[in-house]
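Following: one structure in structure tokens, then a few remarks.
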Amino acid sequence: MKNTIFLVLEYLFYFSFIILLILYLFPGSLIGYFLYGNLGEQPNFFPNPIGTSINHLLFFFYLGILGFVLRSNQKKFINSLFFLLLISIILELLHYFIPNRAFELNDLFANSLGILMAYLTYKLFKKTQY
């Protein structure tokens with residue numbers, strides 16, 4: 001049963017990662033297109049002071065939690081932290097070159113903060129289990 005759960009989580013992680021790549025590398029906002037019919041409009045799901053960067057924070061938090069849970073039994077656990085941080089930086093930097101996209105420091109900060117929050121949440125959860 002435990003292996004089945006980890007297998008489902010692994011597929012969910014890879015599916016989510018592919019969705020992230022599609023959303024990040026598409027020239028325009030796919031979610032904005034589906035919600036508003038406008039590729040140039042970013043959805044703001046939660047009214048907040050940092051704008052649409054909250055979407056980045058939440059998605060990278062979610063992806064980070066999945067990645068850390070999946071890699072918890074492996075000795076390469078710390079690699080998932082660096083991998084996710086590197087991917088978040090590379091994807092945001094690619095916005096310089098993708099039409100209808102723009103590099104935003106707030107988004108890069110939100111990506112990194114989401115991953116670090118996931119890491120700290122996971123570590124805190126593991127610490128309270130013992």
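Nothing in this text is a laboratory measurement; each read-out follows from the coordinates by a stated rule. Worth saying up front: this structure is predicted, and the values here are computed from it rather than measured. Here the Cβ positions follow ideal geometry from the backbone for every residue, glycine too, while neighbour counts run over all protein chains shown.
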For region 31-38, 3J(HN,Hα) per residue [Karplus equation, 6.51 cos²θ - 1.76 cosθ + 1.60, θ = phi - 60°, Hz, x = Gly/Pro] = 5, x, 5, 5, 7, 10, x, 9
What is the spin-label model distance, in nm, from Leu93 to Lys123 if the labels are put 7 Å beyond Cα along the C-beta direction?
-> 2.5
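What value, in deg cm²/dmol to 500, does the helix sum -39500 (n - 2.57) over DSSP H runs of n ≥ 4 give at 222 nm once divided by the residues of the chain? Please report the intermediate quantities before stating the final value.
On the way: 5 runs with 91 residues, N = 130.
So the calculated ellipticity at 222 nm is -23500 deg cm²/dmol.
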Val69: net charge of surrounding residues, Cβ under 11 Å, Lys/Arg +1, Asp/Glu -1, itself excluded?
-> +1
Considering the options Ser53, Leu35, Tyr11, tell which one lies farthest towards the positive end of the dipole of region 2-129, charges being +1 on Lys and Arg and -1 on Asp and Glu at the Cβ, about the Cα centre.
-> Tyr11
Karplus couplings for region 99-112 from phi (6.51 cos²θ - 1.76 cosθ + 1.60, θ = phi - 60°), rounded to Hz, Gly and Pro as x?
-> x, 6, 10, 9, 5, 10, 4, 4, 5, 4, 5, 5, 4, 5
Stokes-Einstein D for the chain (37 °C, 0.692 mPa s, Kirkwood Rh from Cα pairs), in µm²/s, comes to 210
Nearest 10 degrees, 0 to 90: what angle lies between the long axis of helix 2-25 and the longest principal axis of the chain (Cα atoms)?
-> 20
The chain: angle of helix 77-93 to the longest principal axis, Cα-based, in degrees nearest 10 | 0
Provide the packing ranking of 16-28, 102-114, 60-72, i.e. peptides ordered by the mean count of other C-beta atoms within 10 Å per residue, highest first.
-> 60-72, 102-114, 16-28
